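**Q** Right, I'll just put the structure down here and ask away after.
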Amino acid sequence: MTDALSRRGFVAQLSGAAFAPPARRKLRVAAIYTAFTHRSHVNVILENFLEPYYFRGRRVDPRETFEVVSMWGDQNLEGDFADDVSRAYGVTRYETIAGALCLGGDALAVDAVLSIGEGGRYYTNDLGQVLFPRKRFFDEIVAVMRRSKRVVPLFTDKHLAYRWDWAKEMYDTARAMQIPLMAGSSLPLAERRPPLDLPARARIEEAIAIHGGHVETYDFHALELLQSIVEARAGGETGVSRIQFLEGDALWDAAAKGQWSPALADAAMQAELGGGAPAWRAFPRQPHGILIQYRDGFRAAALRAGDDSIRWNFACRLRGETRPLATRYYVGPWRNRYLFKAFSHAIQHHLSHGKAPWPVERTLLTTGILDAAMHSRRRGGASLATPHLEMAYAPVDFGAFRETGETWAVIDEDVPEPIGAIAPAPQITK
């Protein structure tokens, strides 16, 4: 039952009451994931449902609102933490996704679902995309909701799927069934150094986001970082009309033709390294970039510079301004791990309120941009028209969920990262 008529029929059966927060004090959460290894996404998300953490300098105890009652993993790798966490926190492991959602029964028995399809060992296809099973997880979760004639908030980690048609199907299904759906990256929630908040409906002429990681997996985060700012530009988000993936000399040739601005990229790097930073092109390793032409004529790029997994920079130029605006996204101590505290805080809002802190359309668009970029890469850097990405959506102010630096007054780079599967909030004595 996957066609539009079947979905409409299902929604009609719900009589307009697809989701309502349960009356019980604690929300029962099921965790569906790929593999529970050290610093895997399920590790650094789930720990913030099981133990207190700090957000904006305030200690938050998720156990007052949530109870993780079940989990299911697709892979059991060497060093897997699932059994340890199950014993320590009383979380029951199940043999199937349906079992975890139904708590061993026949109908949906939880109030919210975490679907974390990142990490583990999966094949990579000829486009360079890791074949994470997010669509399979989604389909099995939705099947339980259909059979139970009840939906609950669902979080699915990172981009929706490695294939655009699957991502669009997931989005359409969630809308038709009225499933509160949240997806995306943690990076937009990082502290901005220096602080950067663009004026409402800013007239952005060009923007650049820079990362220092792997192709595809880190490109996604850079695209989400970029989109989380530019979606609020004057005129609103109108979608993307053309995508091109370029590497090495081809990337510099495009700059010489005015397709993107090295000066703007340098401004983004200087936000991280200071005014004396070398030019962006001086960084080692083969650079690559995703050039984005938006439907409204706006242009942007997501670039890879050097080799640094915590490099996340942004710069843009506003109309009528000669000096670019630039910032570095600071992820906190423990090399990205602490950023998942803010991310989990946002996820918890979604699960308890049935409303994501930002539009899922953002991640649908970045999913499509990334997929088109990987097709461009396989075709030797061809510029591809993307009429399927000419989609408009309204931005949402998600500023309340961003880390703004107060936490680093109590937890800084000198506080050691906890050892083991779970990192509770350190007992701060200073």
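Yes or no, residue by residue, for (1) in contact with a helix residue (DSSP H, G or I) (Cβ under 6 Å, 6 or more places away or on another chain); (2) polar (S, T, N, Q):
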site	(1), (2)
R93	yes, no
I97	yes, no
L103	no, no
L108	yes, no
D111	no, no
G120	no, no
T124	no, yes
P133	no, no
F137	no, no
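**Q** Right, G276: over 26 Å from L365 (Cβ atoms), assigned by TED's automatic domain parsing to the domain that holds A222, touching a helix residue (DSSP H, G or I) at 6+ places or on another chain (Cβ under 9 Å) and loosely packed, with under 13 Cβ neighbours inside 10 Å or not?
**A** yes
**Q** Take the residues in the range 128-176 that are within 26 Å of R377 (Cβ to Cβ) and polar (S, T, N, Q); name whichever of them is nearest to the chain's Cα centre (by Cα).
**A** The extreme case among them is T156.
**Q** When you scan the range 332-344, do you find a residue that is under 30 Å from H388 (Cα atoms), part of a helix (DSSP H, G or I) and either hydroxyl-bearing (S, T, Y) or modelled with pLDDT of 95 or more (or both), even just one?
**A** Yes: the range 332-344 contains one or more residues that are under 30 Å from H388 (Cα atoms), part of a helix (DSSP H, G or I) and either hydroxyl-bearing (S, T, Y) or modelled with pLDDT of 95 or more (or both).
**Q** Now for a separate question. Look through the range 61-84, keep the residues that are among the aliphatic types (A, V, I, L, M) and modelled with pLDDT of 95 or more, and return whichever of them is surrounded by the fewest Cβ atoms within 10 Å (Cβ to Cβ).
**A** Across the range 61-84, the extreme among qualifying residues is V69.
So that you can scan it fast, the table gives a plain yes or no per residue for (1) closer than 20 Å to I292 by Cα; (2) not β-branched (V, I, T):
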| residue | (1), (2) |
| --- | --- |
| D157 | no, yes |
| T173 | no, no |
| A176 | no, yes |
| E191 | no, yes |
| P195 | no, yes |
| I204 | yes, no |
| V215 | yes, no |
| Y218 | yes, yes |
| E231 | yes, yes |
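**Q** Could I ask something else about it? For G381, state whether it is surrounded by fewer than 23 Cβ atoms within 10 Å (Cβ to Cβ), in the same structural domain as P62 (by TED's automatic domain parsing) and over 16 Å from the mean Cα position of the chain (by Cα).
**A** It is false that G381 is surrounded by fewer than 23 Cβ atoms within 10 Å (Cβ to Cβ), in the same structural domain as P62 (by TED's automatic domain parsing) and over 16 Å from the mean Cα position of the chain (by Cα).
**Q** Run E47 past the list (1) among the acidic types (D, E); (2) surrounded by 18 or more Cβ atoms within 10 Å (Cβ to Cβ); (3) more than 29 Å from Y330 (Cβ to Cβ) and report the number of the one that doesn't hold.
**A** With (1) among the acidic types (D, E); (2) surrounded by 18 or more Cβ atoms within 10 Å (Cβ to Cβ); (3) more than 29 Å from Y330 (Cβ to Cβ) applied to E47, the lone miss is (3).
**Q** Something else now. Are any residues in the range 295-332 in contact with an Asp or Glu (Cβ under 9 Å, 6 or more places away or on another chain) and free of Cβ contacts under 8 Å to residues at least 40 places away in the same chain, and if so, which ones?
**A** Once the filter is applied, which keeps residues that are in contact with an Asp or Glu (Cβ under 9 Å, 6 or more places away or on another chain) and free of Cβ contacts under 8 Å to residues at least 40 places away in the same chain, the range 295-332 yields only E321.
**Q** Mind counting the residues in the range 332-363 that are crowded, with 23+ Cβ neighbours inside 10 Å, more than 14 Å from F401 (Cα to Cα) and under 12 Å from the mean Cα position of the chain (by Cα)?
**A** Here the count works out to 2.
**Q** Also, I was wondering about something else. What do you reckon, is D126 in a loop (DSSP other than H, G, I, E, B), assigned by TED's automatic domain parsing to the domain that holds T34 and farther than 22 Å from W358 by Cβ?
**A** Criteria met by D126.
**Q** Are any residues in the range 171-190 among the small types (G, A, S) and assigned to a loop (DSSP other than H, G, I, E, B), and if so, which ones?
**A** S185, S186, A190
**Q** Further question on the same structure: For the range 37-81, name all the residues that are in contact with a Pro (Cβ under 9 Å, 6 or more places away or on another chain), more than 29 Å from R121 (Cβ to Cβ) and in a loop (DSSP other than H, G, I, E, B).
**A** P52, D61
**Q** If I filter the range 235-242 for residues that are in contact with a helix residue (DSSP H, G or I) (Cβ under 7 Å, 6 or more places away or on another chain), among the aliphatic types (A, V, I, L, M) and assigned by TED's automatic domain parsing to the domain that holds E205, do I get at least one hit?
**A** Yes, the range 235-242 contains a residue that is in contact with a helix residue (DSSP H, G or I) (Cβ under 7 Å, 6 or more places away or on another chain), among the aliphatic types (A, V, I, L, M) and assigned by TED's automatic domain parsing to the domain that holds E205.
The values are calculated or read from the model by the stated rules, or taken from the named source; none is laboratory data. This is a predicted model, so every value here is computed, not measured. Virtual Cβ from ideal backbone geometry, glycine too; neighbours counted across all protein chains shown.
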